[in-house]
Amino acid sequence: MKRDIPLDHLQFATRCVHGGVYKDPLYNSVVTPIYPSSTFYFEGPRQTSGYDYSRTKNPTRDALEENLASLEGGAGATAVATGMAAITTVLHLLPAGAHVVSGADIYGGTYRLFANVLPARGLRFSMVDMGDPAAVAAAIEPDTALIWIETPSNPLLRLTDIRAVCALARERGVLTCADNTFLSPYLQRPLEMGADLVVHSTTKYLNGHSDVVGGAIVSGTRELAEKVAATANALGTTCSPFDAWLVLRGVKTLPLRMQAHEKNAAALAQLLDAHPLVERVYYPGLSQHPGHELARRQQHGFGAMLSFELAGGEAAVFRLVERLKLYAFAESLGGVESLIEHPTSMSHAAMTPQAQADAGIGPGLVRVSAGIEDTQDLVDDMAQALAAIESGD
Ligand SMILES: *Cc1c(COP(=O)(O)O)cnc(C)c1O
């Protein structure tokens with residue numbers, strides 16, 4: 001008897017553990033094997049096992065793709081080499097000369113691709129305030145082919161109303177793609193709210209252990225899923241079976257990790273919000289956050305990314321990170337260990353000073369990815385570092 005678990009009526013956490021994993025018809029391995037073979041032999045003329053070459057299709061990658069499609073509620077997924085490979089693949093679905101509407105405070109690498117690379121390939125971009133659906137509607141032109149949604153945004157945690165933007169895009173015949181990296185499908189599922197495509201940097205929460213870079217594209221329809229898979233195969237953006245295996249292992253504990261991440265972020269946000277050295281905290285879980293009500297409506301939690309403005313600007317930021325013991329001074333996010341970084345000099349350094357200022361990213365801004373360590377340990381470490389700065393140490 002072969003294991004084949006139909007996922008349709010199972011709850012999210014069950015699908016995390018079982019989605020796509022049983023791919024060993026020989027020995028009944030409970031864990032998906034890694035199939036590193038670049039090529040697969042034909043049984044006869046035009047007769048394959050379903051696999052012929054690993055750039056196109058690979059059993060280990062298939063397992064991850066089935067799992068992610070199920071978690072996002074999509075018709076199909078394609079696992080690729082990095083988050084940027086996912087975004088690059090989606091942008092290659094567009095015709096030459098197409099126009100794209102996106103937010104201004106987006107992931108630094110996405111900004112670099114949209115501002116510096118793709119315009120030379122004939123695509124045009126308008127960066128608007130995605131928090132204002134009227135501004136999005138006003139930016140749509142006859143050639144607009146895609147609206148790019150990233151919510152909560154990076155690094156300021158601004159929210160986009162996914163239902164509102166997707167509804168107006170649909171009315172105008174424009175494709176929508178949401179970068180769901182910051183929340184993961186455990187906390188937000190854009191396809192259920194009308195998006196056509198979702199992309200992930202699986203490097204972050206989906207893998208969750210800071211030991212792989214990867215990406216994925218999940219499509220709402222079979223037709224789009226086939227187009228994405230064919231484009232990824234043509235571009236060569238698909239991921240290795242080893243990386244797919246690591247992400248599949250990570251995804252199994254996604255719900256447990258997200259709960260622990262979020263608990264820690266909420267405790268940190270409270271500490272920071274009450275601290276005299278902190279001018280402003282950006283965390284959708286705080287009731288004064290302008291996106292708080294929207295977050296309650298469209299998310300299943302507030303996530304574990306937060307940022308804050310420290311009094312004293314860049315110098316104070318660098319003193320803070322020097323005094324912290326538990327938070328690694330590093331880019332990236334979504335791993336089990338807590339990280340802290342300085343967007344203007346690190347994750348968002350690809351933006352010009354003017355673009356940073358326009359997006360509201362100032363020199364005193366700090367971004368934190370709350371890990372899954374003990375809550376009190378994280379709060380205590382942040383409190384001692386702030387106290388040291390306050391006392392002029
Ligand atoms: C990290 C990240 C990306 C890019 O992913 P890579 O795996 O680093 O290529 C894209 N979008 C968001 C929101 C990210 O955090």
Query raised in the report: Which length gain, in nm to one decimal place, applies between Glu314 and Asp273 when the Cα-Cα distance is subtracted from 0.36 nm times their residue separation?
Result: 12.8 nm
Report task. Would you be so kind as to identify which of Val281, Gln299, Gly335 lies farthest towards the positive end of the dipole of the range 255-391, taking Lys and Arg as +1 and Asp and Glu as -1 on Cβ and the Cα centre as origin? Result -> Gln299
Query raised in the report: If you wrap a convex hull around the Cα atoms of the chain, how much volume per residue is inside, in Å³?
Result: 141 Å³
**Report entry** FRET efficiency, Glu171 to Asp24 (Cβ-Cβ, R0 41 Å, nearest 0.05)
**Finding:** 0.30
Query raised in the report: Cα axis of helix 313-323 to longest principal axis of the chain: angle in degrees, 0 to 90, nearest 10?
Result: 70 degrees
Query raised in the report: Dividing the alpha-carbon radius of gyration of the range 1-59 by 2.2 N^0.38 Å (N being the number of residues), what value is obtained?
Result: 1.36
**Report entry** Candidate residues Arg257, Arg158: accessible-area rank, largest first, probe 1.4 Å
**Finding:** Arg158, Arg257
Query raised in the report: Amide H of Asp179: which non-local residues (sequence gap of 5 or more, or other chain) have their own amide H closer than 5 Å, using H built in the peptide plane?
Result: Ile149, Glu150, Thr151, Val199
Report summary line: Beyond 19 Å (Cα-Cα) in this structure, taken from Lys23/Lys227; Lys57/Lys227; Lys2/Lys23, we find Lys23/Lys227
Query raised in the report: How big is the charge dipole of the chain about its Cα centre, in debye rounded to the nearest 20, if each Lys and Arg gets +1 on its Cβ and each Asp and Glu gets -1 on its Cβ?
Result: 1000 debye
Requested in this report: Give a quick list of trypsin sites (Lys or Arg not before Pro) in the range 281-350 that DSSP marks as loop, anything other than H, G, I, E or B, with at most 13 other Cβ atoms within 10 Å.
Outcome: Lys325
Query raised in the report: How many angstrom separate the Cα center of the range 96-136 from the Cα center of the range 220-261?
Result: 24 Å
Query raised in the report: If the chain between Ser38 and His209 were fully stretched, how many nm would it gain, using 0.36 nm times the residue separation less the Cα-Cα distance?
Result: 58.9 nm
**Report entry** Theoretical FRET efficiency, 1/(1+(r/R0)^6), r = Cβ-Cβ of Ala96 and Asp132, R0 30 Å, to 0.05
**Finding:** 0.55
Query raised in the report: Along the charge dipole of the range 1-131, Cβ charges K/R +1 and D/E -1, which of Pro25, Ala13, Thr60 sits furthest on the positive end?
Result: Thr60
Report task. Using a 1.4 Å probe over the heavy atoms of the protein chains, calculate the carbon and sulfur portion of the accessible area of the chain as a whole percent. Result -> 54 percent
Query raised in the report: How large is ³J(HN,Hα) for each residue in the range 224-237, as worked out from phi by the Karplus curve 6.51 cos²θ - 1.76 cosθ + 1.60 (θ = phi - 60°), to whole Hz, x for Gly and Pro?
Result: 5, 4, 5, 5, 5, 4, 5, 5, 4, 5, 5, 6, x, 8
**Report entry** Built amide H within the under 5 Å cut-off of Thr144, gap 5+
**Finding:** His99
**Report entry** Unit Cα scatterers, Debye sum, the range 255-391: log10 I(q)/I(0) for q = 0.18, 0.19, 0.20 Å⁻¹
**Finding:** -1.03, -1.15, -1.26
Query - Per residue accessible area in Å² of the range 12-251, where ligands, DNA and RNA are left out and the probe is 1.4 Å - result: 39 Å²
Report task. Could you please report the charge total around Ile106, scoring K, R as +1 and D, E as -1 over all other residues with beta-carbon less than 13 angstrom from its beta-carbon? Result -> -3
Query raised in the report: So how far apart, in nm, are the two label points at Arg297 and Ala383 if each is 7 Å from Cα heading toward Cβ?
Result: 3.7 nm
Query raised in the report: Roughly how many Å² is the accessible area per residue of the range 255-391, as a whole number, for a 1.4 Å probe?
Result: 41 Å²
Report summary line: For the range 167-177, Karplus-derived ³J(HN,Hα) couplings (6.51, -1.76, 1.60; θ = phi - 60°; whole Hz; x for glycine and proline) come out as 5, 6, 5, 4, 4, 9, x, 9, 6, 10, 9
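The values are calculated or read from the model by the stated rules, or taken from the named source; none is laboratory data. Just so we're clear, the structure is a prediction, and the values are computed from it rather than from any experiment. Note that we place each Cβ from the backbone using ideal geometry, even for glycine, and neighbour counts take in every protein chain shown. When the accessible area is computed, the model is the full protein with side chains, heavy atoms only, and any ligands, DNA or RNA have been set aside. Shrake-Rupley method; radii C 1.70, N 1.55, O 1.52, S 1.80 Å.
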